[in-house]
Amino acid sequence: MSSLPPLKSRSPTDAHNVNVQELEKRLEEEACSRSHYSLGKRYPGGAYCLIHEDGKWRVLYSERNLDDEPLFEGESESEACAFFFEYMTTRILHTHLVGYFISLNNAEALAEKLAQQGIPTHRNDIPYHGWHDPRFRVFVTGKDIFKAQELLGELPVRDHRD
């Protein structure tokens, strides 16, 4: 969850006549991670949500059916969508898993291959069955996922099947 202060409500002249269906397409084009947001309903695992209830459009963070204070509230679908798009594309870091390995060497090789193509990566290693059995994960950020898919094909790349 972001600790940044909420964005100000947009004026009607800033809204781009976008509805929820168009918003979904635009978020996909921007490589926004679906794990960070939900359109039309609350997501129990925790996500930023755009919902319409009681005649109002709301943008809020909801986790385990507990809602934070709305970041946006208004009657216009297009204003709510414009706010949600701006928030998701400027305030939230969208990382994408491109590699999941048992071998550290394979993770490093993938990161190097991507770096040679100008695609920055970062790693986040995790214990699998404890710290004695780590998994090495390689991530890219934002629209670099499209470059990685073009280069590598089906993602994530793996050296095993758990």
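The values are calculated or read from the model by the stated rules, or taken from the named source; none is laboratory data. Please read all numbers here as calculations on a predicted model, not as lab measurements. Cβ sites come from the backbone with ideal geometry, for glycine too, and all protein chains shown count toward neighbours.
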Tell me which of these Val98 doesn't satisfy, since it passes every other one: (1) farther than 25 Å from His36 by Cβ; (2) at pLDDT 95 or above.
(1)
How about the range 29-49: which of its residues are of a type outside the set (Asp, Glu), in a loop (DSSP other than H, G, I, E, B) and touching a Ser or Thr at 6+ places or on another chain (Cβ under 9 Å)?
Ala31, Cys32, Ser33, Arg42, Tyr43, Pro44, Gly45, Gly46
Restricting the search to the range 121-132, which residues are of a type outside the set (Lys, Arg) and touching a strand residue (DSSP E or B) at 6+ places or on another chain (Cβ under 7 Å)?
Thr121, His122, Asn124, Asp125, Ile126, Pro127, Tyr128
Going by the structure shown, is Ala82 assigned to a helix (DSSP H, G or I), free of Cβ contacts under 8 Å to residues at least 60 places away in the same chain and of a type in the set (Gly, Ala, Ser)?
no
For residues that are surrounded by fewer than 18 Cβ atoms within 10 Å (Cβ to Cβ) and of a type in the set (A, V, I, L, M, F, W, C), scanning just the range 95-109, find the one that is nearest to the chain's Cα centre (by Cα).
Leu97
Which one of the conditions (1) closer than 24 Å to Gly142 by Cα; (2) surrounded by 12 or more Cβ atoms within 10 Å (Cβ to Cβ) does Glu112 fail to meet, given that it meets all the rest?
(2)
Could you check, for the range 50-73, whether at least one of its residues is of a type in the set (S, T, N, Q), surrounded by fewer than 20 Cβ atoms within 10 Å (Cβ to Cβ), modelled with pLDDT of 95 or more and not in a helix (DSSP H, G or I)?
no
Criterion: under 29 Å from Met88 (Cα atoms) and in contact with a Pro (Cβ under 9 Å, 6 or more places away or on another chain) - qualifying residue of Asp133, Asp125
Asp125
